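Before any comments, here is the structure.
The values are calculated or read from the model by the stated rules, or taken from the named source; none is laboratory data. These figures come from a predicted structure and were not determined experimentally. Methodologically, a virtual Cβ is constructed for each residue, glycine included, from the backbone with ideal geometry; neighbour enumeration extends over all protein chains shown.
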Amino acid sequence: MSFGNRPIMMNSSSKISFKVTIHEEEHFVETYRGEYRNLMMLLYDKFFMEDFGECKGIGRCGTCHVRIMDYKGELLNMEGNERTTFSKMENIKINSRLSCQILIDERIDGLQFEVVNDDNPGIY
């Protein structure tokens with residue numbers, strides 16, 4: 001990658017890796033801060049899933065529901081519209097989040113996510 005005549009070097013410590021389970025199939029993902037705005041955009045781009053991310057990241061539809069596996073901490077704190085959206089949905093657990101509200105940064109490095117296949121794909 002370059003900017004003008006100067007190459008842009010990616011520091012190996014800027015790499016972010018995690019695992020995601022989609023329809024019971026595990027995928028290993030590598031990215032870096034700034035490649036995608038949030039987890040929803042990354043998942044949509046790499047694993048095009050029908051009816052995923054219908055509200056385009058404003059946290060109102062619930063179609064990008066994921067669970068963070070084996071993690072406790074600030075990533076479990078809901079942001080924006082999540083609490084309201086989840087209050088209208090079933091199948092919500094303590095580790096549920098909307099992937100549109102999870103930023104791509106070092107906090108997700110090494111984590112495992114599961115895309116939840118809800119029968120109720122969206123709330124509008």
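Entry remark, the stretch 43-72: residues being touching a residue at least 24 places away in the same chain (Cβ under 8 Å) and under 15 Å from Leu111 (Cα atoms) number 7 in total.
Among the residues of the stretch 43-62, the ones that are in contact with a helix residue (DSSP H, G or I) (Cβ under 8 Å, 6 or more places away or on another chain) and crowded, with 18+ Cβ neighbours inside 10 Å come to 9 in all.
Counting only residues that are more than 14 Å from Ser99 (Cα to Cα) and outside any loop (DSSP other than H, G, I, E, B), the stretch 47-75 holds 1 of them. Restricting attention to the stretch 54-64 and to residues that are farther than 14 Å from Asn117 by Cβ and among the small types (Gly, Ala, Ser), the residue that is nearest to the chain's Cα centre (by Cα) turns out to be Gly57. Contact map, the stretch 84-103: first residue at positive phi and surrounded by fewer than 16 Cβ atoms within 10 Å (Cβ to Cβ), second residue part of a helix (DSSP H, G or I) and modelled with pLDDT of 95 or more, Cβ cut-off under 9 Å, separation 6 or more or different chains; the map is empty.
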